[in-house]
1. Tally up the residues in segment B:24-36 that are in contact with a Gly (Cβ under 7 Å, 6 or more places away or on another chain) and in a helix (DSSP H, G or I), please.
2. Of the conditions (1) polar (S, T, N, Q); (2) touching an Asp or Glu at 6+ places or on another chain (Cβ under 8 Å); (3) within 21 Å of B:LEU11 (Cβ to Cβ), A:THR164 satisfies every one except a single condition; which number is it?
3. Quick one: which residue in A:ILE22, A:ILE84 is of a type in the set (A, V, I, L, M, F, W, C) and farther than 29 Å from B:GLY7 by Cβ?
4. Can you name every residue in segment A:68-96 that is more than 20 Å from the chain's Cα centre (by Cα) and either among the hydrophobic types (A, V, I, L, M, F, W, C) or not in a helix (DSSP H, G or I) (or both)?
5. For segment A:96-105, how many residues are in contact with a Leu (Cβ under 9 Å, 6 or more places away or on another chain) and away from chain B (no Cβ under 13 Å)?
6. Inspect all residues belonging to segment A:52-61 and state whether any of them is touching a helix residue (DSSP H, G or I) at 6+ places or on another chain (Cβ under 6 Å), more than 24 Å from B:LYS5 (Cα to Cα), at pLDDT 95 or above and surrounded by fewer than 20 Cβ atoms within 10 Å (Cβ to Cβ).
7. For segment A:106-113, check the following and say yes or no: at least one residue is within 30 Å of B:GLU36 (Cα to Cα) and either free of Cβ contacts under 8 Å to residues at least 12 places away in the same chain or within 10 Å of chain B (Cβ to nearest Cβ) (or both).
Amino acid sequence: MLGQQSVASRPVESILSTNKVIRSTYQLLSMTLLFSAFTAYLSISMQASQGMGLVATIVGIVMLWFVLPRTANSASGIPVIFAITGLLGFGIGPMVAFYLAVNPSIVMTALGGTGVIFLGLSGYALTTRKDFSFMGGFLMVGMLVIIGASLLNIFMGIPALSLTVSAAVIMIMSGFILYQTSSLIHGGETNYIMATASLFLSILNIFTSLLHLLGALGGDD
Amino acid sequence: MDWLKIGSAALLIGMLIFIYPRMRHAMKHSPKGTTEDWKGFIVPLAAVIGFVIFLIMMVRG
């Protein structure tokens, strides 16, 4: 009811513009996901080392921080987003190759599970049209805590902390999907390239964390 | 200490430095959510948690 009122009070042009941004975001997101799956496949078939994967990830993240914001408002933003998603896809290749060697069904389950989570949360945000802008601070704090815990665990190597971080990443990234989708609906995000980058990162993080959780908890041992 | 650990740590430290000012900005400028708003977040989150547990049970067979 409230969602309908807020839509009715907005000018038609604004609603059309919002719908166009949403449509463009999902089109670009599907293309970048396919492209990153292709680069992940390349990484697996090339038997890229973990070091190569890490370098690709670092270059992708640096481009995401420093190049994408400068190009997102122009046509050059499209090749940049493809380069970033391609590099990040290449970066997860060694990890996916490891799980494929251990148990291929885990990778398929993680892939399907990520798809269901993303479609379910996007569908929820799009149909209820709830405004999740209040979650911004909470999600950023959550992300900071997760990064801090991950950093600590690089040196401590506690398996339980690693699994806790993976579970927390799934929850925080789920929140980011709701937040970003709601931001698209309510006109908070008007740049479909930036929206695609944000949704892509959430999907990628959910996939890798789900893979980690299923690999660790789903085994026979 | 191998290079992978050093590289991963450097990436995470970079993320902390990059995200911290954005977190402060978001904390200051995000609107406050009502109890109803938070319920609207808790419900899908609980569904995600339930779904992940289901996937783990499925993989365990």
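1. Residues meeting the conditions: 2.
2. Failed condition: (2).
3. Numbers: A:ILE84 fails: farther than 29 Å from B:GLY7 by Cβ.
Matching residue, one of A:ILE22, A:ILE84: A:ILE22.
4. Scanning segment A:68-96 gives A:ASN73, A:SER74, A:ALA75, A:SER76.
5. Residues that pass the stated criteria total 1.
6. No, segment A:52-61 contains no residue that is touching a helix residue (DSSP H, G or I) at 6+ places or on another chain (Cβ under 6 Å), more than 24 Å from B:LYS5 (Cα to Cα), at pLDDT 95 or above and surrounded by fewer than 20 Cβ atoms within 10 Å (Cβ to Cβ).
7. So the first thing to find is which residues in segment A:106-113 are within 30 Å of B:GLU36 (Cα to Cα), and the list is A:113.
After this cut, where a residue has to be either free of Cβ contacts under 8 Å to residues at least 12 places away in the same chain or within 10 Å of chain B (Cβ to nearest Cβ) (or both) as well, the list is A:113.
Yes, segment A:106-113 contains a residue that is within 30 Å of B:GLU36 (Cα to Cα) and either free of Cβ contacts under 8 Å to residues at least 12 places away in the same chain or within 10 Å of chain B (Cβ to nearest Cβ) (or both).
A quick yes/no check of all residues on (1) more than 7 Å from chain B (Cβ to nearest Cβ); (2) among the aromatic types (Phe, Trp, Tyr); (3) in contact (Cβ under 8 Å) with a residue 24 or more places away in the chain:
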{"position": "A:TYR124", "(1), (2), (3)": "no, yes, yes"}
{"position": "A:ARG129", "(1), (2), (3)": "yes, no, yes"}
{"position": "A:PHE132", "(1), (2), (3)": "no, yes, yes"}
{"position": "A:MET135", "(1), (2), (3)": "no, no, yes"}
{"position": "A:VAL141", "(1), (2), (3)": "no, no, no"}
{"position": "A:ALA149", "(1), (2), (3)": "yes, no, no"}
{"position": "A:PHE155", "(1), (2), (3)": "yes, yes, no"}
{"position": "A:ILE158", "(1), (2), (3)": "yes, no, no"}
{"position": "A:LEU161", "(1), (2), (3)": "yes, no, no"}
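The values are calculated or read from the model by the stated rules, or taken from the named source; none is laboratory data. Keep in mind it's a predicted model, so treat the numbers as computed, not measured. Virtual Cβ from ideal backbone geometry, glycine too; neighbours counted across all protein chains shown.
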